[in-house]
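Worksheet: the structure to be examined is printed underneath.
The values are calculated or read from the model by the stated rules, or taken from the named source; none is laboratory data. All values reported here derive from a predicted model rather than from experimental measurement. A quick note on method: Cβ atoms are made from the backbone with ideal geometry, for glycine too, and the neighbour counts reach across all protein chains shown.
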Amino acid sequence: MSKLWGGRFTKQTDQLVEEYTASILFDKELAEEDIQGSLAHVTMLGKCGILPAEDVEKIKDGLLKVQGIIRRGEMEFSVSNEDIHMNIEKALLDEIGPVGGKLHTGRSRNDQVATDMHLYLRKRVVEFVGFLQKLQEALLTQAANNLDTIVPGYTHLQRAQPILFAHHLMAYVSMFQRDIERLQDSYKRINVLPLGAGALAGTTFPIDRHFVAEQLGFDRPYENSLDAVSDRDFILEFLSNASMIMMHLSRFCEELVLWSSTEFTFVELDDAFCTGSSIMPQKKNPDVAELVRGKTGRVYGNLMGLLTVLKSLPLAYNKDMQEDKEGMFDTVKTLQGALQLFAPMVATMKVNKERMRQAVNQDFSNATDIADYLVNKGLPFRQAHEVIGKTVLYCIQNGKYLLDLSLEEFRQFSELFGDDIYAVLQPEQVVNARNVYGGTNAGQVQGAIDRAHGELEKT
Ligand code: ARG
């Protein structure tokens, strides 16, 4: 088959080279964006008097026909046409004849492919913000239902201080809020138009880049034509934001896996989100959570991969940059899969409130509060810490928890202890005493839930 760029060549391309250099097998994903960009480009060529109106109409009709063929799944993409841009141009020529060859006036594949990627990621960013908000809603519902559920809070995975389960869930709402804000912020760098940069230096035709930008809904054209065709920062930024989202999901997954183990039994994931074992009949495995945790690796890998591709690339376009696509598509697919499953998995999760409460009864997570109690009675905190350390050691040696101690036992460690110590030690009291902005007191957590709802309603 003859090449669109065949004029300068005297030989056919080697078959293996053709396969090696082609990107059509993966960049066909950009078909819709490629046609969208071409429609805007050819409209501009007409408006600027570069092409006559009748040619513009023929090309537009032809592009819409090709779009129909692709949408119906009838397009035969071919490796010998290398990539999506030339496959579509070839199909256009087949539809409308040589006039189709006027479409590429004042344009290069270099500014074309960059435009396609901007259009593609722009959609994905909006989609991912939507997914994250769905997840926040699921978390907010669970949080509202668990404003009275007390659970051990951990540091070093050792019981530290009791908290509301709602408070724990709201930490994730905050993380996903930052993810949303990062995506939204990246939009302003994605929403810039490369088209019109030509191969690297601009074009001799009197094009109107601002008109194309406006038609495609971009905020503005790129300032510098070399930068326009060389920039892949916006993809890296997306891969980095995706990595951070996966990292957050993965931390959550780790907790879900732990919490649903028999050792914790804090939550039970719905049957629909678990799978069984082919040999052990009793098993119900949190596979979704494990896989999301596992797939975080490939998302990080895609980021590192592209960072490494771009390192040391001279300006402007280099074929290396074709390597920007597979990792990006893979990250998009991986993130879509994870986020789609996560919201319903969280929404259907059963919370074992009794078991969480029981866990709090059998630990020393109220120890800080007795130290604070002694501080309130006038003892310097450092001394109070020492006293309670000794008290806890005594408990451990005698198989007791702090609430099991008699007042006499308490008073062996400090004369300052009085009857009022028992109220201070109740987990409800311990939780509610942390009545600071951002703390685990029920009123504070309710405030956080209200504010998060407010953020959601803004969009
Ligand atoms: N398939 C190419 C890519 O993805 C399109 C740009 C090709 N430009 C070129 N001059 N070879 O990067």
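Worth a mention:
- For the criterion of being more than 16 Å from the ligand (Cβ to nearest atom), in the same structural domain as Val99 (by TED's automatic domain parsing), surrounded by fewer than 13 Cβ atoms within 10 Å (Cβ to Cβ) and under 29 Å from Pro221 (Cβ atoms), Gly62 fails.
- Subset of the stretch 305-319 [assigned to a helix (DSSP H, G or I) and exposed (fewer than 13 other Cβ atoms within 10 Å of the Cβ)]: Thr308, Lys319
- Of the residues in the stretch 38-48, at least one is within 16 Å of the ligand (Cβ to nearest atom), closer than 30 Å to Asn241 by Cβ and buried (at least 21 other Cβ atoms within 10 Å of the Cβ).
- Within the stretch 25-42, considering residues that are over 27 Å from the mean Cα position of the chain (by Cα) and in contact (Cβ under 8 Å) with a residue 60 or more places away in the chain, the one nearest to Lys325 (Cα to Cα): Ser38
- First in the stretch 91-110 and in contact (Cβ under 8 Å) with a residue 24 or more places away in the chain, second anywhere and acidic (Asp, Glu) and part of a helix (DSSP H, G or I), Cβ under 8 Å, 6 or more apart: Ile96/Asp61; Val99/Asp55; Gly100/Glu89; Lys102/Asp55; Leu103/Glu89
- Residue check for Met117: more than 17 Å from Leu216 (Cβ to Cβ), buried (at least 17 other Cβ atoms within 10 Å of the Cβ) and in contact with a helix residue (DSSP H, G or I) (Cβ under 7 Å, 6 or more places away or on another chain): no
- Among the residues of the stretch 188-204, those that are in contact with a Leu (Cβ under 9 Å, 6 or more places away or on another chain) and surrounded by 15 or more Cβ atoms within 10 Å (Cβ to Cβ) comprise Ile190, Leu193, Leu195, Ala197, Leu200.
- Hey, Leu140 crowded, with 20+ Cβ neighbours inside 10 Å, within 16 Å of the ligand (Cβ to nearest atom) and in the same structural domain as Ala343 (by TED's automatic domain parsing) or not: no
- Any hit, the stretch 82-92, residues being within 14 Å of the ligand (Cβ to nearest atom), in a helix (DSSP H, G or I) and out of contact with any helix residue (DSSP H, G or I) (no Cβ under 6 Å at 6 or more places or on another chain): yes
- No other residue among Ser78, Ser108 is within 15 Å of Ile24 (Cα to Cα), within 16 Å of the ligand (Cβ to nearest atom) and among the hydroxyl-bearing types (Ser, Thr, Tyr) apart from Ser78.
- Selection over the stretch 143-163 of residues that are within 28 Å of Pro344 (Cβ to Cβ) and buried (at least 17 other Cβ atoms within 10 Å of the Cβ) gives a count of 8.
- Hey, Arg232 of a type in the set (Lys, Arg), at pLDDT 95 or above and in contact with a Leu (Cβ under 8 Å, 6 or more places away or on another chain) or not: yes
- Matching option when the condition is assigned to a strand (DSSP E or B) and modelled with pLDDT of 95 or more, among Val212, Val125, Val151, Val129: Val151
- Those residues of the stretch 343-381 which are crowded, with 19+ Cβ neighbours inside 10 Å and among the hydroxyl-bearing types (Ser, Thr, Tyr), in sequence order: Ser365, Tyr373
- Any pair with Cβ under 9 angstrom, 6 or more apart, that starts in the stretch 152-163 at a residue that is of a type in the set (D, E, K, R) and ends at one that is surrounded by 15 or more Cβ atoms within 10 Å (Cβ to Cβ): Arg159/Pro152; Arg159/Gly153; Arg159/Ala359; Arg159/Val360; Arg159/Asp363; Arg159/Phe364; Arg159/Ser365
- Taking the stretch 346-391 as the range and being of a type in the set (Gly, Ala, Ser), over 43 Å from the mean Cα position of the chain (by Cα) and not in a helix (DSSP H, G or I) as the test, only Gly378 passes.
- Boolean, Thr115 is within 14 Å of the ligand (Cβ to nearest atom), at pLDDT 95 or above and hydroxyl-bearing (Ser, Thr, Tyr): yes
- Residue match in the stretch 321-337 (condition: aromatic (Phe, Trp, Tyr) and within 16 Å of the ligand (Cβ to nearest atom)): yes
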